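Peer 1: Structure below; questions to follow.
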Amino acid sequence: MPRSLLSLETLHADDLLAILETARTMKSERGRHREQPLRGQSWGLLFSKSSTRTRVSFEVAIREFGGESLFLSAQDLQLGRGEPIRDTARVLGRMLHGLVVRTYAQSDLEELAKLSGLPVINALTDDEHPCQILADLFTIGELLGTWRGKRVCYLGDGSCNVPVSWIWAAAKLGFELVIGAPGNYRPPERVLLKLGPQPNISFESDPRAAVRGADVLYTDVWVSMGKEAESADRIAELRPYQVNDELLALAKPGAIVLHCLPAYRGQEITHEVLEAHANAIFTQAENRLHVQKAVLDYCVR
Ligand code: CP
Ligand code: NVA
């Protein structure tokens, strides 16, 4: 079986660390990679949701690795007219060499991986966003020297894919993670049960307490893709968790602010904080490219 990256939950800690190490080489050797691990290969990017960073970083990474990418918008495939995933998977499996998938249900991603027989990479599902958090860890390593012993505070919607991937990363690597979110925006029960008590992971509904002493203040949109019908409630309920100067003042002096982007200024982050930390945030976005290469390399090696 080819190697897939379906979640951080299922990624072994050693593999996670190896991906971060490879990403360092990918960044320092951009434009002069010694190997072209995807030479002669065609990879499909099957996306059911919008994307800027993930799409572009994977397309560029595949090209710089000697391969070709096909952007397959789910709406434009017969999938959008009701062709089952299991048939789509078997067709794509006979033509392509790998798949990068952005979709809703994690089970759809798993079905694609199983029935296509291809290496499949999770480019975001409702459950997880593993490539994002790999890039975030890489960025923290660059900006703070290491993520070891650091305190990461995620503020906002604690129930969506990004904090869940953060939780699995913290469970595997042992750094301190605080999820600052209202009680009804905590990660899904399934995740908490599977996780069990972890001394380095905590949940805090008081945003001021959550931020205190943080080395990294991290946020994500309040209205994830697919949750648009809940927009008004979310914007009202998550307001106290906005990353602003007042909360940032409670973090450790010199704390960095990260945002997976896209950002909605005035909601999860203020214009002022985003612009003051733009260098870190756009380095984080750039690092998606270097880390995607390391993920592709992990899948085909
Ligand atoms: N952060 C992120 O995944 O961005 P896109 O939705 O633009 O890919
Ligand atoms: N939680 C967000 C991440 C966007 C990159 C979403 O799922 O829309």
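Peer 1: Considering the Cα positions of region 1-158, please state its Rg to one decimal place and its Dmax as a whole number of Å.
Peer 2: Reported Rg and Dmax, both Å: 16.4, 49.
Peer 1: Right, something else. Fewest first, what order do D245, D297 take by the number of other Cβ atoms within 10 Å?
Peer 2: In order of increasing Cβ crowding within 10 Å: D245, D297.
Peer 1: Could I ask something else about it? So, with +1 on the Cβ of K and R and -1 on the Cβ of D and E, and no other charges, what is the size of the charge dipole of the chain about its Cα centre, to the nearest 20 debye?
Peer 2: Roughly 780 debye for the chain.
Peer 1: Would you compute, from DSSP H runs of 4+ residues alone, the mean residue ellipticity of the chain at 222 nm, taking -39500 (n - 2.57) per run and dividing by the full residue count, rounded to the nearest 500? Please list the in-between numbers first.
Peer 2: On the way: 12 runs with 130 residues, N = 301.
When only DSSP H runs of four or more count, the value is -13000 deg cm²/dmol.
Peer 1: Taking square-rooted eigenvalues a ≥ b ≥ c of the alpha carbon gyration tensor, is region 103-186 rounded, prolate or oblate, where a/c under 1.5 means rounded and, failing that, a/b exceeding b/c means prolate?
Peer 2: Verdict is oblate for region 103-186.
Peer 1: Whole number please: convex hull volume per residue of the Cα set in the chain, in Å³?
Peer 2: Spread over its residues, the Cα hull of the chain gives 125 Å³ apiece.
Peer 1: What does the net charge come to around T54 if you take all other residues with beta carbon closer than 9 Å to its beta carbon, with K and R at +1 and D and E at -1?
Peer 2: Summing Lys and Arg as +1 and Asp and Glu as -1 gives +4.
Peer 1: What is the Cα centroid distance between region 247-301 and region 50-94, reported in whole angstrom?
Peer 2: 25
Peer 1: Radius of gyration and Dmax for region 144-262's Cα atoms, expressed in Å?
Peer 2: In order Rg, Dmax, the Cα atoms of region 144-262 give 13.5, 41 Å.
Peer 1: What pairs in K27/K227; K172/K293; K194/K227; K150/K194 have C-alpha atoms more than 27 Å from each other?
Peer 2: Those over the limit are K27/K227.
Peer 1: Using a cut-off of 12 Å between beta-carbons, work out the net charge of the residues near R3 (Lys and Arg +1, Asp and Glu -1, R3 not included).
Peer 2: -1
Peer 1: Something else: Relative contact order for region 192-301: what is it in percent, counting Cα pairs under 8 Å that are at least 6 residues apart?
Peer 2: 28
Peer 1: If we sort 222-230, 210-218 on the protection proxy, mean other Cβ atoms within 10 Å, highest first, what's the order?
Peer 2: Numbers: 222-230: 15.3, 210-218: 22.7.
Per-residue Cβ counts within 10 Å, averaged per peptide and sorted highest first, yield 210-218, 222-230.
Peer 1: Shape call for region 195-301 from the C-alpha gyration tensor, a ≥ b ≥ c root eigenvalues: rounded (a/c under 1.5), prolate (a/b greater than b/c) or oblate?
Peer 2: rounded
Peer 1: I would also like to ask the following. Stretch I235-R148 to full length: gain in nm at 0.36 nm per residue minus the Cα-Cα span?
Peer 2: Here the answer is 28.0 nm.
Peer 1: How high is the relative contact order of the chain, given as a whole-number percent (alpha carbon pairs under 8 Å, six or more residues apart)?
Peer 2: This gives 21 percent for the chain.
Peer 1: When you count, for each residue, the other Cβ atoms within 10 Å and take the mean per peptide, how do 30-37, 162-169, 8-15, 92-99 rank with the highest first?
Peer 2: So the peptides 30-37, 162-169, 8-15, 92-99, ranked by packing, come out 162-169, 92-99, 8-15, 30-37.
Peer 1: So, with +1 on the Cβ of K and R and -1 on the Cβ of D and E, and no other charges, what is the size of the charge dipole of region 139-219 about its Cα centre, to the nearest 20 debye?
Peer 2: For region 139-219, the charge dipole is close to 180 debye.
Values quoted throughout were computed directly from the atomic coordinates according to the rules given, and no laboratory measurement underlies them. What you see is a predicted model; the values in this text were computed from it and never measured. Reconstructed Cβ throughout: ideal geometry from the backbone, glycine too, with neighbour counts over all protein chains shown.
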